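Below is one structure, written out as structure tokens, with a few remarks after it.
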Amino acid sequence: MANQAEPMTMAGAFVEDAEAQARFLGRKRYLAWRRRLLPVIAVVLFLLAWWQAVEQFDIKPFIAPSPVAVAHVLIDRFDVLMANLLPTAIEAVLGFLLGNFAAISLATAFVWRKTMEEALFPIAVMVNTIPVVAKAPILVLLLGNGMEPKIAIAAIICFFPTLVNMTRGLRDVRPEQLELMRILSATPREVFLRIRVPNALPYLFSALKIAASTAVIGAIVGEWIGSTKGIGALIIQSTYNFDSPLLYATIVVGSTFSALFFGVVTFAEGRMLRWNVTHNA
Amino acid sequence: MTAALSRQQPAAADGREAVRCERVTVRFTTERGTVTALENIDLAIPAGAFLTLLGPSGCGKSTLLRVMADLIDPTGGTISVMGDVPAKARLNREIGFVFQDAALLPWRNVLDNVTLPLEVGGGKALPGARSAQELLSLVGLAGWETAYPHELSGGMRQRVAIARALISGPRLLLMDEPFGALDEITRDRLNEELLEVWQSTGTTIVFVTHSIYEAAFLGQKVLLLAARPGRVRELVPVTLPTPRRLAMRETPEFVALAGHLRRVLESC
């Protein structure tokens, strides 16, 4: 096969047309800026409308604060907000790591022995049907009043989506790839590490992206019950004190952290799955 | 696998024969009943031959190829590959296989796909292993080492698959409709190049196709299979001179051969 390969680029199919090229690039730049600016404009307009509504209709601060009041709290009580974000962040991240580690391990066991899946999967489904608000008190009773029950809730909430996705990713391997490995007399371990694990990564990252936001929710819900610090505790306190600006500011801080966590996982996905066409597209 | 290894060895295990099938029968049982995919296949492929398998869909040509590759155990009859049971040939890494859709690992670049066979198999030494660079040049992909499968055209992916199948230095190359999904121009070019590979490596090739022209152009012999149940219809020798050139497909000799194959196929 000494002949040249089919060229990937269609060299020779292109002609030089500086004007058309400039128009094409200009249009591309315009679309890129539009995509970035439109959401910013929408958010600014929404905040303006909110602010005007509070002013015009004279809404009382304990019902809904004006965005200006929320901004003031965000700046003036930044240290309080951060001091409460820290425990929530630790709980969410530890829960995320623990829950996903457990889910990946169990998925591996499921794929290794189908019996394991048949025996244990119904239990996982049943645990998953218990609402978070019902799991929280059970875990507080079991694990006390410290960070442990919050970590456990965050872990449990991450566990199920990762278990389902990872099991599927490890199992949904193209049959030809398995036939190829058999022809190469590959050991089960080689099939697992070289075919199943890389095949499961896109599935895993879909689950991790869900888990990144739900882990934070889990930690916050855990803090609702008998906690004195954390984003969840601050939400409860500010609600009972009718301190709506603090409540809103707390929510802004919690959501921002969630979004950052999601962003980190998305970034890791981009780095690890360069080969994935659907991701690149 | 143990069962396959202990299976009775065929009597005529000649080292100069790449494959020998004696009354090979394969049946599949499903909820809807038992299907006979292959019935009493008798076949001897000499070492270094290029045999094409041609037949209507459902004639069991892919099944026969998979029996040779030790992917399917025959229900009846005996088969030897390189003078031994197929499992032994597989464990000795004497079999290369090219799938219809290349079956590359999308997370590996071209070079890592080609060298995959050297990494697996429990760390067994491969005395016949060839250099990946040489093979990539042979299939015309030098310079594409770091490209990923999704960046390649269908023809280029099949070239990678061929290089991967050849890297362990197999004595038997099994190809399951490898060019079936390609456009005709690419297919023609790859056909010619495959013959060059065959000539330069001396590997025995068994090539499954549903294209009459491909079967006649590539093979030294064409094995025609009939469907339901899959059985040998006719073994047709191809008398075209070597090396083959695409222009030969317009000679009266080739046209007559293709016509004969078509008539037999239509009566299957």
Check your understanding: Restricting attention to the stretch A:56-65, does a residue exist that is away from chain B (no Cβ under 14 Å), modelled with pLDDT of 90 or more and assigned to a helix (DSSP H, G or I)?
Key -> yes
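Sort out which residues of the stretch B:107-122 are assigned to a helix (DSSP H, G or I) and at the interface with chain A (Cβ under 8 Å from one of its Cβ atoms), and write them in order of number.
Across the stretch B:107-122, the qualifying residues are B:L116, B:P117, B:E119.
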Exercise for review: Report whether or not B:V197 is touching an Asp or Glu at 6+ places or on another chain (Cβ under 6 Å) and within 25 Å of B:A103 (Cβ to Cβ).
Suggested key: no
Check your understanding: Taking the stretch B:137-152, which residues are under 19 Å from B:V197 (Cβ atoms) and either touching a strand residue (DSSP E or B) at 6+ places or on another chain (Cβ under 6 Å) or in a helix (DSSP H, G or I) (or both)?
Key -> B:S137, B:L138
Revision key, fill the gap. Checked against (1) on the phi > 0 side of the Ramachandran plot; (2) facing chain A (nearest Cβ under 10 Å); (3) buried (at least 17 other Cβ atoms within 10 Å of the Cβ), B:E177 satisfies every condition except (2)
Check your understanding: Is it true that A:I195 is modelled with pLDDT of 95 or more, assigned to a helix (DSSP H, G or I) and farther than 28 Å from A:I63 by Cβ?
Key -> yes
Practice item. Grab the helices (runs of 4 or more DSSP H) fully contained in the stretch A:72-179, keeping just those with 2 or more residues being closer than 24 Å to A:A259 by Cβ. Key: A:78-112, A:132-143, A:148-171
Practice item. Would you check if A:L139 is over 20 Å from the mean Cα position of the chain (by Cα) and closer than 30 Å to B:P170 by Cβ? Key: no
Exercise for review: Return the residue satisfying two criteria in turn: it lies in the stretch A:174-199 and is in contact with a helix residue (DSSP H, G or I) (Cβ under 9 Å, 6 or more places away or on another chain) and more than 9 Å from chain B (Cβ to nearest Cβ), and of such residues it is farthest from B:M68 (Cα to Cα).
Suggested key: A:V197
Exercise for review: Please state which one of A:L246, A:L180, A:L184, A:L204 is crowded, with 19+ Cβ neighbours inside 10 Å and within 23 Å of the chain's Cα centre (by Cα).
Suggested key: A:L204
Exercise for review: Could you tell me which of the residues B:T186, B:T242 is within 14 Å of chain A (Cβ to nearest Cβ) and hydroxyl-bearing (S, T, Y)?
Suggested key: B:T186
Check your understanding: Which members of the stretch B:153-169 meet the condition of being more than 10 Å from chain A (Cβ to nearest Cβ) and either within 12 Å of B:F97 (Cβ to Cβ) or assigned to a loop (DSSP other than H, G, I, E, B) (or both)?
Key -> B:L166, B:I167, B:G169
Check your understanding: Among the candidates B:A103, B:A142, B:A125, B:A147, which residue alone is crowded, with 18+ Cβ neighbours inside 10 Å, within 14 Å of another protein chain (Cβ to nearest Cβ) and not acidic (D, E)?
Key -> B:A103
**Study point:** Filter pass, A:L142 being without any contact (Cβ under 8 Å) to a residue 12 or more places away in the chain, exposed (fewer than 15 other Cβ atoms within 10 Å of the Cβ) and outside the structural domain of A:N199 (by TED's automatic domain parsing)
**Key:** no
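Return yes or no: is B:R130 more than 10 Å from chain A (Cβ to nearest Cβ) and not hydrophobic (A, V, I, L, M, F, W, C)? So that I can check it myself, show each step before the final result.
Working: more than 10 Å from chain A (Cβ to nearest Cβ): yes; not hydrophobic (A, V, I, L, M, F, W, C): yes.
Judged against the criteria, B:R130 is a match.
For A:A83, state whether it is surrounded by 12 or more Cβ atoms within 10 Å (Cβ to Cβ) and small (G, A, S).
Judged against the criteria, A:A83 is a match.
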Exercise for review: Take the residues in the stretch B:50-71 that are aliphatic (A, V, I, L, M) and in a helix (DSSP H, G or I), then tell me which one is surrounded by the fewest Cβ atoms within 10 Å (Cβ to Cβ).
Suggested key: B:L65
Review point. So is B:I212 among the aliphatic types (A, V, I, L, M), in contact (Cβ under 8 Å) with a residue 60 or more places away in the chain and within 20 Å of B:L138 (Cβ to Cβ) or not?
Key: no
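The values are calculated or read from the model by the stated rules, or taken from the named source; none is laboratory data. Remember, it's a predicted structure, so these values are computed and weren't measured experimentally. Methodologically, a virtual Cβ is constructed for each residue, glycine included, from the backbone with ideal geometry; neighbour enumeration extends over all protein chains shown.
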